[in-house]
Amino acid sequence: MNAPSTIFTQGFATSGLLTEMHQSEIVVPALQSQWLMMHVSMMILGYAALLCGSLLSVVVPQILTERKSPYTFVQN
C-alpha cells in the first residue's frame, strides 16, 4: 500500500509544478526549496492516514458489537 502512494507522491513532487513555482515572484529562500512540495504532500498523506485510523477505531467496534455472535444460546 505504501509503494503506490510513495511513487505517486514522488512523481507529483517532481512534476512541472516546481518549475512554475520558481518562475513566480521572489519569496523566502525556504519556500523555493524543491523539498517543499514533497513535504506538503507527505504531510497531507500523513493526516489522511491519521483520519482513516481514527474513523476505523470508532466504526469497527460498533460493527463488531452489532453483529450477532455465532455462540449465542437460545433459551426455551
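Details
This table checks each residue for (1) surrounded by 10 or more Cβ atoms within 10 Å (Cβ to Cβ); (2) at pLDDT below 70; (3) out of contact with any Ser or Thr (no Cβ under 6 Å at 6 or more places or on another chain).
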{"residue": "2", "(1), (2), (3)": "no, yes, yes"}
{"residue": "6", "(1), (2), (3)": "yes, no, yes"}
{"residue": "18", "(1), (2), (3)": "yes, yes, yes"}
{"residue": "27", "(1), (2), (3)": "yes, no, yes"}
{"residue": "32", "(1), (2), (3)": "yes, no, yes"}
{"residue": "38", "(1), (2), (3)": "yes, no, yes"}
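- Hits in the stretch 43-69 (condition: at pLDDT below 90 and either open to solvent by 80 Å² or more (accessible area, probe 1.4 Å) or not in a helix (DSSP H, G or I) (or both)): 62, 63, 64, 65, 66, 67, 68, 69
The values are calculated or read from the model by the stated rules, or taken from the named source; none is laboratory data. Remember, predicted model here, so these are calculated numbers, not experimental data. Glycine also receives a Cβ, built like all others from the backbone with ideal geometry; neighbour counts cover every protein chain displayed. The protein model used for the area step is the full one, side chains on, heavy atoms only, and it has no ligands, DNA or RNA in it. Shrake-Rupley method; radii C 1.70, N 1.55, O 1.52, S 1.80 Å.
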